[in-house]
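*Asks:* Sharing a structure here in structure tokens format.
The values are calculated or read from the model by the stated rules, or taken from the named source; none is laboratory data. Computed from a prediction, not measured in an experiment: that's the story for all the values here. Quick reminder, even Gly has a Cβ in these numbers, built from the backbone with ideal geometry, and neighbours come from all protein chains shown.
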Amino acid sequence: MNEQTVSRREFLANAAGAGAVAMTAAPDPRKTRSYNPDMEYRRLGRTNLMISAVSMGGHWKRIPYKPGTEEFKKNRREVIYACLEHGINYIDACSHSEVMVYAEAIKGRREEIYFGFDSTGARDPKIAGSVDKLKQGLDEALKASGIGYVDIWRITIREHATRNTPEEIENVVAALAWAKQTGRVRFTGVSTHHRPWIAEAVAKYPELEVIITPYAAGSKQKPVGSMFDAFRKYDVGFIGIKPFASGALFASKGVPDSPTKQEDDERARLALRYVLCCDVLAATIPGLITVDQVKNAAAAVKERRQFDQAESERHRALTAAMWNNLAESYRWLREWEWV
């Protein structure tokens, strides 16, 4: 398949072979979208997509512009274009509003980027309780956005405390299977914060080709019982969120262009170098707010991964403070220190 042009017919051909789970050699990264020799590309499990090791998350919590304004739209376009220039070729959106914003930002450049999203709201039991409503949410997003297809439809399921019921999970899986079989999407998965469930789920459901879940600057692989064991066994693509723990890593708490910008940029590169040492991770997706943050993230990819003694000590101190500085609404992330 030519990665620059994907037809509906090719979607359906891909769907026919969806049941196989086999480790294959990574494709030539030079044939991926928006290839840049200064960027690193990693195989996203059995999807066989080669995505940039640092990609882009869809959140915009700290952008100093009101969503919908011309300043806001200009910011999102400039950041997306900077990503493409630096070889960042995957963007992930996790709400309908994010889907619409990024669909507009990539207009005319759709085939330069892999687009993953959720638009259904499966955290809402009224939606997760109905396969038809899950399907309807995807169709409405495709029509409203005008993007034609989704590279990765990864439904966001409910989080740590308020978990989806078994019936809701079956509905999500049925909707994912339908979407791929009908050529609306290329690959499927879920985003979840419920770590104990992940290994069991990827073993049970072949539709979970991609898992999006936290992997922060202080996360470590459990010596026994790691979710990574299941990712390796079933060749599941793993995309890590929250590398900066929602800004808790930074002196500024993540405010762009703050007086501590230089220090925060250094901390960001240190964190990215750390998470990229994880051999199971296909990509980490920080929320990039400015063009300078894009450039800084791309620079981190080119730096050596192994820390010297001083860097190791600094990393330990920064991540210890990061865990302690989590906002009340993010205290759950502490459960992701050992994965």
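*Asks:* When you check Lys242 against the structure, is it under 29 Å from Arg158 (Cβ atoms), surrounded by 20 or more Cβ atoms within 10 Å (Cβ to Cβ) and among the basic types (Lys, Arg), yes or no?
*Replies:* yes
*Asks:* Quickly run through the range 313-339 and pick out the residues that are farther than 21 Å from Gln262 by Cβ, assigned to a helix (DSSP H, G or I) and either of a type in the set (Gly, Ala, Ser) or under 24 Å from the mean Cα position of the chain (by Cα) (or both).
*Replies:* Ala320, Trp323, Glu328, Ser329, Tyr330, Arg331, Trp332, Leu333, Arg334, Glu335, Trp336
*Asks:* If only one of Gly287, Gly247 is within 27 Å of Ile198 (Cα to Cα), touching a residue at least 12 places away in the same chain (Cβ under 8 Å) and touching a His at 6+ places or on another chain (Cβ under 7 Å), which one is it?
*Replies:* Answer to the selection: Gly287.
*Asks:* For the range 1-114, which helices (runs of 4 or more DSSP H) that fit wholly inside it have 3 or more residues that are at pLDDT below 95?
*Replies:* Because the criterion is at least 3 residues that are at pLDDT below 95, the helices (runs of 4 or more DSSP H) in the range 1-114 that meet it are 8-16, 96-105.
*Asks:* Looking only at the range 158-194, count how many residues are without any contact (Cβ under 8 Å) to a residue 40 or more places away in the chain and within 15 Å of Ile239 (Cβ to Cβ).
*Replies:* Total meeting the criteria: 3.
*Asks:* Restricting attention to the range 179-199, report how many residues are within 20 Å of Arg123 (Cβ to Cβ) and more than 17 Å from the chain's Cα centre (by Cα).
*Replies:* Going through the range 179-199 one residue at a time, the tally reaches 3.
*Asks:* Among the residues of the range 313-330 satisfying the criterion of being surrounded by 12 or more Cβ atoms within 10 Å (Cβ to Cβ) and of a type outside the set (A, V, I, L, M, F, W, C), which is nearest to Ala216 (Cα to Cα)?
*Replies:* Thr319
*Asks:* Looking at (1) out of contact with any Ser or Thr (no Cβ under 9 Å at 6 or more places or on another chain); (2) polar (S, T, N, Q); (3) at pLDDT below 95; (4) more than 17 Å from Lys204 (Cα to Cα), which one does Thr165 not meet, given that it meets all the others?
*Replies:* Going through (1) out of contact with any Ser or Thr (no Cβ under 9 Å at 6 or more places or on another chain); (2) polar (S, T, N, Q); (3) at pLDDT below 95; (4) more than 17 Å from Lys204 (Cα to Cα) one by one, Thr165 breaks only (4).
*Asks:* Go through Tyr102, Tyr81, Tyr41 for me and flag whichever is touching a helix residue (DSSP H, G or I) at 6+ places or on another chain (Cβ under 8 Å), farther than 20 Å from Thr156 by Cβ and of a type in the set (Ser, Thr, Tyr).
*Replies:* Answer to the selection: Tyr41.
*Asks:* Name the residue that is modelled with the lowest pLDDT, counting only residues in the range 118-153 that are part of a loop (DSSP other than H, G, I, E, B) and within 19 Å of the chain's Cα centre (by Cα).
*Replies:* Gly121
Per-residue answers, yes or no, for (1) within 24 Å of Arg331 (Cα to Cα); (2) of a type in the set (D, E, K, R); (3) surrounded by fewer than 22 Cβ atoms within 10 Å (Cβ to Cβ); (4) in contact with a Leu (Cβ under 7 Å, 6 or more places away or on another chain):
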| site | (1), (2), (3), (4) |
| --- | --- |
| Lys253 | yes, yes, yes, no |
| Ser258 | no, no, yes, no |
| Gln262 | no, no, yes, no |
| Val280 | no, no, yes, no |
| Val294 | no, no, no, yes |
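*Asks:* Quickly run through the range 284-333 and pick out the residues that are more than 26 Å from Ile211 (Cα to Cα), hydroxyl-bearing (Ser, Thr, Tyr) and in contact with a helix residue (DSSP H, G or I) (Cβ under 8 Å, 6 or more places away or on another chain).
*Replies:* Correct list: Thr290 only.
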